[in-house]
1. Hey, what number do you get for the chain at 222 nm if only DSSP H runs of n ≥ 4 count, each worth -39500 (n - 2.57), divided across all residues, to the nearest 500?
2. For the chain, what does the relative contact order come out to in percent, with C-alpha contacts under 8 Å and a separation of six or more?
3. Among 91-104, 7-20, what's the highest-first ranking by average C-beta atoms within 10 angstrom per residue?
4. How would you order 62-69, 37-44 from highest to lowest mean count of nearby Cβ atoms within 10 Å?
5. Using all alpha carbons of the chain, what is the percent of pairwise distances in each 5 Å bin, ordered from the shortest bin to the longest?
6. Can you work out the accessible area per residue across the chain, with the rest of the protein chains kept in place, probe 1.4 Å, in square angstrom?
7. Mind checking which lysines have their Cα closer than 23 Å to the Cα of LYS74? Skip sequence neighbours fewer than 8 apart in that chain.
8. Assign one of three labels to region 14-55, namely rounded, prolate or oblate, based on the Cα gyration tensor with a ≥ b ≥ c the square roots of its eigenvalues; rounded applies when a/c is under 1.5, prolate when it is not and a/b is larger than b/c, and oblate otherwise.
Amino acid sequence: PKFASVTALVEHYVQNPLDNQLRFSKPIARPNWRLKHDSVECCAQTGRLGAGRFTTYHGTLKLGDTSRPVVVKKGAIALGPEGDLDEAVETRKETMLEVKELAYFA
């Protein structure tokens with residue numbers, strides 16, 4: 001079957017075991033360096049800090065009751081009808097590699 005979201009898929013198979021009796025038993029934790037999108041606000045009003053393959057902005061990171069200023073990098077590759085999927089995938093890989101490297105300094 002097709003599902004509208006990963007959450008819907010997981011909920012379905014938690015309630016309905018697969019034919020071979022496999023079940024979800026142990027969730028995989030999100031690494032602490034991998035932030036949820038809604039915990040970061042981009043402050044486009046203050047202007048861009050830089051542009052190129054990535055565009056950087058001032059931003060705010062909210063974790064629990066605390067907030068701190070951050071720099072937000074957004075991939076400059078937009079996927080539309082003419083978008084290059086390979087370039088977008090490569091940009092995402094580069095971004096995630098950089099995030100992992102920067103996590104060591106946090």
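The values are calculated or read from the model by the stated rules, or taken from the named source; none is laboratory data. What you see is a predicted model; the values in this text were computed from it and never measured. Don't worry about glycine lacking a Cβ; one is built from the backbone with ideal geometry, like all the others, and counts go over all protein chains shown. In case anyone asks, the SASA skips ligands and DNA or RNA and just uses the protein heavy atoms, side chains included. Shrake-Rupley method; radii C 1.70, N 1.55, O 1.52, S 1.80 Å.
1. -9000 deg cm²/dmol
2. It rounds to 15 percent for the chain.
3. 91-104, 7-20
4. 37-44, 62-69
5. 2, 9, 13, 16, 16, 15, 12, 10, 5, 2, 1, 0
6. 86 Å²
7. Candidates past the 8-residue exclusion: LYS36, LYS62, LYS93, LYS100.
8. prolate
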